[in-house]
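The values are calculated or read from the model by the stated rules, or taken from the named source; none is laboratory data. What you see is a predicted model, and the numbers here were worked out from it, not measured in a lab. Cβ sites come from the backbone with ideal geometry, for glycine too, and all protein chains shown count toward neighbours.
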Amino acid sequence: MKILVINSGSSSLKFQLFDSSDLTVSASGLIEQIGEEQSSARLTYFDGVGTRQMLKQSEPVAEHRQAIKLMAELLRESGAMIDVRELAGIGHRVVHGGEAFHEPILIDDAVISAIEELIPLAPLHNPANLTGIRVAMDHAGDIPQVAVFDTAFHQSIPEYGYLYALPYKLYEKYNVRRYGFHGTSHSFVSKAAARFLDIPYDRFNCIVLHLGNGASACAVENGKSVDTSMGMTPLAGLVMGTRCGDIDPAITFYLERNTGMDVNRIDDMLNHESGLKGLCGSNDMRELLAAKEQGSKEMALAFDIYCYRLKKYIGAYFAALGRIDALIFTGGIGENAAPVREHACQGLAGLGITINSEKNNQRKERIMEIHQDEAAVKVLVIPTDEEREIAIQVMAVIKGER
Ligand code: AMP
């Protein structure tokens, strides 16, 4: 039997097919530019002999309903999955579970309504996630379908960690609080680290830095998230590819009063034109590192700002946790950008964090230890795998373990 994991973004659909017996991947695919003039669909699948690629420069895929049909076509044509009855379960990534969902859950009408009610908190993502769920339910209603929430791992954050110092009634009436995101990734890599270090997860303390185009830090105490840098929305915290991360909230009022930008324009600018891109014109860390090497002052400054913010979060979460077993880097930048890891950890010997440059500059597909031999804190690079974590959670729900 198989497990299908569906991740429907605002203009893309990512999917992965796992064998339910050992969670090996038999196919993975991506349909992009949904709703644009031209869409593209690609599938990588295993045909029993080797890995094959299937590319379909399709006609425009107008919306997610069509994308899901295209996904089913690709899986059928490749032979990766001929019939939906081959599926033991389907997992759906859902961005926002608000306070309603602490755990993955079997989807029924009540769950769909609850996800719908959370749309104001994630106006771009939850509708796309919901369409994916609805179409999959229409086509494969008899197969157990499980929602796995990006926010769920952070529901263990205590009240003093998730409340903002705003009038309390804004929390009561409008749900204004920190939720945090990237929970599936933080959960996956922190569990992998505890296993790797042979420490029981319920006694494991760590700081996870998930550094992709979006980025967030997470403080994990005894296997539970106790703080995270993203807030009510994914705009807060670290410097990201195009998002600003933490800023003085009064900047937005200042801009509105003095620049002629309205609130929607400012919102767009903070989300899509800020972060690394705003600072130096590129949100691609590879480009930034190469230009910095060539002597670009602009790129070097963006790099310093990026790493300084990381260092501040490491310090803050170290203080929140009191002690840590490990500091973990993951995500496209965390896994690949050795200079970022080295620079963010510089000067942290007092906390027991020291990097071995030679180990840091190695490249491995699997878990990498990059701390100095005698260091008190293990510094690990762990490739994240959100789809696999979703498949693991789907299996647990189907087996009644969660
Ligand atoms: P993600 O959102 O996890 O796919 O990560 C995207 C980010 O990872 C982008 O900023 C990429 O430039 C960065 N990235 C990917 N590969 C590398 C690499 N080899 N070196 C440095 N940065 C990388």
Checklist entry - Taking the stretch 290-317, which residues are surrounded by fewer than 19 Cβ atoms within 10 Å (Cβ to Cβ), in contact (Cβ under 8 Å) with a residue 40 or more places away in the chain and within 13 Å of the ligand (Cβ to nearest atom)? => result none
Next on the checklist: Which numbered condition in (1) farther than 23 Å from residue 344 by Cα; (2) buried (at least 19 other Cβ atoms within 10 Å of the Cβ) is the only one that residue 235 fails?
Outcome noted: (1)
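What helices (runs of 4 or more DSSP H), lying completely within the stretch 139-212, carry at least 1 residues that are touching a residue at least 60 places away in the same chain (Cβ under 8 Å)?
Numbers: elements: 159-162, 168-174, 183-197.
Helices (runs of 4 or more DSSP H) meeting the threshold: 159-162, 183-197.
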Checklist outcome for this item: In the stretch 318-339, residues that are under 23 Å from residue 184 (Cα atoms), in a helix (DSSP H, G or I) and within 16 Å of the ligand (Cβ to nearest atom) total 6
Checklist entry - residue 257 fails exactly one of the following numbered conditions: (1) within 16 Å of the ligand (Cβ to nearest atom); (2) more than 20 Å from residue 233 (Cα to Cα); (3) surrounded by fewer than 17 Cβ atoms within 10 Å (Cβ to Cβ). What is the number of that condition? => result (1)
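Answer yes or no: is there a residue in the stretch 226-240 that is of a type in the set (Asp, Glu) and touching a Ser or Thr at 6+ places or on another chain (Cβ under 8 Å). Walk me through it before giving the result.
Of the residues in the stretch 226-240, the ones of a type in the set (Asp, Glu) are 227.
Keeping just the survivors that are touching a Ser or Thr at 6+ places or on another chain (Cβ under 8 Å) gives none.
Among the residues of the stretch 226-240, not one is of a type in the set (Asp, Glu) and touching a Ser or Thr at 6+ places or on another chain (Cβ under 8 Å), which makes the answer no.
Looking only at residues that are in contact with a Gly (Cβ under 6 Å, 6 or more places away or on another chain) and of a type in the set (S, T, N, Q) in the stretch 1-28, which one is modelled with the highest pLDDT?
Taking the stretch 1-28 and keeping what is in contact with a Gly (Cβ under 6 Å, 6 or more places away or on another chain), we get 3, 5-6, 8, 11, 15.
From the residues that got through so far, the ones that are of a type in the set (S, T, N, Q) too are 8, 11.
On the way: 8: 85, 11: 80.
The extreme case among them is 8.
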